[in-house]
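Let me begin by presenting the structure, written as structure tokens, before commenting on it.
Here, each number is a calculation from the coordinates, and none is a lab measurement. Keep in mind that what you see is a predicted model, and the values were worked out from it rather than measured. Note: ideal-geometry Cβ built from the backbone for every residue, glycine included; neighbour counts use all protein chains shown.
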Ligand SMILES: [Zn+2]
């Protein structure tokens with residue numbers, strides 16, 4: 001029935017247009033010709049057998065649609081409930097401030113200026129240049145910021161109205177939170193998102209707007225910020241205490257999120273309205289704010305006495321975000337002094353001693369300053385917590401651990417980021433891999449046992465894992481690789497571009513890297529579904545193996561396909577396939593070069609049965625392969641098998657002499673096949689000058705242990 005609703009677009013139109021539920025109109029859900037017919041023969045709809053059937057159908061459909069709508073409404077509600085971000089409780093926030101000094105971020109505007117030039121309204125960039133805003137957040141997170149501020153300082157109705165954007169409060173604030181949340185996604189440590197709220201910028205006229213109107217303006221902005229999941233509110237750069245109080249009232253009229261309230265003080269130690277720090281505390285103390293502080297206007301040195309004044313009166317954790325210093329106007333630009341990061345580190349230390357629990361920067365500060373603060377804070381493990389009035393914080397001193405939640409979630413078995421296989425190849429040691437097929441069923445016990453036995457051999461370094469060979473369904477190679485890695489076996493899973501789009505490929509690879517500990521990947525295009533047992537399905541093939549190598553290279557550079565930073569990089573050793581006996585050698589050469597250009601580190605050949613096959617290809621490459629080659633070796637077990645491989649399997653060529661030998665061997669064909677493969681292995685071991693770095697071995701009939709006979 002859902003299908004029906006979706007198919008008859010008109011019905012949806014009816015529901016959407018009129019809001020309520022209307023009987024589905026036959027006229028509207030049928031083509032125009034029918035509509036005319038039905039309306040002129042309305043009587044037929046109400047009488048006779050046809051009419052009664054129609055009525056029944058009509059009633060049924062009405063009922064069914066109601067039911068569907070009910071279900072959809074329920075599902076939407078469930079989804080909303082699930083999507084609703086977990087809100088930061090005041091107790092949790094207090095707890096964090098008791099445990100640690102939190103590092104804030106630095107200036108947003110100046111960094112945005114650098115990337116997108118002068119703007120009439122910086123808050124509008126959330127929509128027009130979201131990437132730039134994202135990048136600023138990310139840079140601060142990487143520098144060590146634990147609180148980032150949304151780019152919403154002026155995103156209130158009053159200020160936006162000056163640009164004719166008064167009706168875009170929700171849009172710009174929503175976007176800003178979304179961008180901040182995306183930036184947080186890739187963070188290695190916990191990051192809180194502070195909804196930044198600045199003053200209305202109407203200091204001299206502030207009394208012309210009734211207090212209640214100001215409250216409403218702040219309430220609107222804060223509401224939009226909270227809707228999209230900020231963790232706290234940061235009221236900053238207020239110079240009028242009354243306006244700050246209005247903002248707090250606006251937020252507290254609906255919100256239970258933590259509030260950090262900051263005024264901006266002049267070098268004389270008061271706000272422009274003449275408010276002293278202790279006056280501010282007196283007015284704010286009953287307002288249920290969680291931290292009180294100062295930001296902007298003055299640099300670190302001048303801010304310290306204000307913090308001391310606050311500390312003397314306020315019974316709350318302090319926050320401080322000084323400017324880099326006094327600004328200077330140069331041309332049409334405001335330039336801040338180049339106060340050194342070390343200077344900020346010193347400030348952080350002193351501020352912490354006074355009892356400041358949130359330390360960041362304001363105008364003119366950069367990620368370097370924030371990094372310096374973060375480093376300084378790390379060293380302050382014995383700083384005294386302040387805030388006698390808040391949960392848990394007795395102010396009685398004692399050691400405070402810097403809050404580093406990431407440490408609590410250390411990986412169970414940390415793995416080296418480097419591929420052992422690659423290290424060995426680079427050390428010019430011959431590497432040997434054994435190829436396996438993933439199990440087709442639901443159990444991995446057998447394969448684990450087999451691999452265990454194979455890997456017990458000192459001759460084998462790794463296991464390479466086929467992926468959906470011949471487009472048959474088997475366990476996913478990357479997932480199986482993760483399972484084997486967990487047992488300490490190095491793997492080279494094959495990844496094809498047949499079964500997943502670019503999003504899926506990246507998702508799988510990131511999981512394999514981070515969770516599975518997979519370090520090597522063989523990028524292949526993969527056999528088309530028409531070959532396998534699911535001929536009715538279609539291959540995805542958004543990219544081919546060359547594209548997959550590019551995807552892997554990007555992950556290795558720390559960004560996804562869209563260029564978004566991953567907050568760290570993978571370090572995959574990327575392998576590609578090469579077929580020295582391909583029918584169209586020119587095309588094979590072209591593709592091989594493209595794969596290397598895209599970032600391949602090594603290549604694996606199709607199984608070859610004659611050194612000359614490789615040597616001929618090598619000649620075409622100019623005598624040397626641009627990347628190390630791992631050659632495929634496959635001991636034949638019977639003449640019949642040799643014939644079949646030679647004739648039926650694309651990409652495999654068995655020389656006539658070998659076929660002959662296999663035929664003549666009769667009952668001893670299996671032994672013969674192993675003797676020949678051993679010869680090939682001996683050649684490969686000594687063929688470093690021919691760019692051969694190792695071999696991968698294919699066992700007969702998935703009896704993987706039997707491949708070890710090659711080493712006897
Ligand atoms: Zn500032």
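A few notes on this one:
- Chain lengthening between residue 76 and residue 663 when straightened (0.36 nm per residue, less Cα-Cα): 204.4 nm
- Gyration tensor verdict on segment 190-249 (Cα atoms; rounded if a/c is under 1.5, prolate if a/b is larger than b/c, oblate otherwise): prolate
- Rounded to 0.05, the FRET efficiency of the residue 313 and residue 190 pair, given R0 = 25 Å and the Cβ-Cβ distance, is 0.25.
- Separation of the residue 416 and residue 268 label points, Cα + 7 Å toward Cβ, nm: 6.7
- Segment 224-350 - convex hull of the alpha-carbon atoms, volume per residue in Å³: 131
- Each of residue 131 and residue 459 was given a label point 7 Å from its Cα along the Cα-to-Cβ line. The distance between the two points is 5.3 nm.
- For segment 588-649: rounded, prolate or oblate by the Cα gyration tensor [a/c cutoff 1.5]: prolate
- Expressed to the nearest 5 percent, the antiparallel share of DSSP beta bridges inside segment 424-711 is 5 percent.
- Normalised alpha carbon radius of gyration of segment 478-549 [divisor 2.2 N^0.38 Å]: 1.15
- When every Cα-Cα distance of segment 93-218 is counted in 5 angstrom steps from zero, the calculated P(r) takes the values 2, 11, 20, 20, 18, 13, 10, 5, 1, 0 percent.
- Stokes-Einstein diffusion coefficient of segment 424-711, Kirkwood radius over Cα pairs, 10 °C, 1.306 mPa s, in µm²/s: 82
- Footprinting exposure proxy for 114, 124 (fewest neighbouring C-beta atoms within 10 Å first): 114, 124
- Given their separation in residues at 0.36 nm each and the Cα-Cα distance between them, residue 584 and residue 640 gain 17.5 nm when the chain is fully extended.
- Computed with the Debye formula from one identical point scatterer per Cα of segment 90-409, without solvent, the log10 of I(q)/I(0) at q = 0.07, 0.13 Å⁻¹ comes to -0.23, -0.89.
- Rounded to the nearest 0.05, the FRET efficiency derived from the C-beta distance between residue 647 and residue 446 at R0 = 35 Å is 0.65.
- Packing-based exposure ordering (other Cβ within 10 Å, fewest first) of 343, 140: 343, 140
- Protection proxy ranking for 66-74, 285-293, 315-323, 350-358, using the average of other Cβ atoms within 10 Å per residue and placing the highest first: 315-323, 350-358, 285-293, 66-74.
- Measuring spread by the Cα atoms of segment 611-683 yields a radius of gyration and Dmax of 13.6, 42 Å.
- The slack in the chain from residue 182 to residue 612, taken as 0.36 nm per residue of separation less the alpha-carbon distance, amounts to 149.4 nm.
- Descending by average beta-carbon neighbour count within 10 Å, the peptides 561-568, 632-639 line up as 632-639, 561-568, the highest first.
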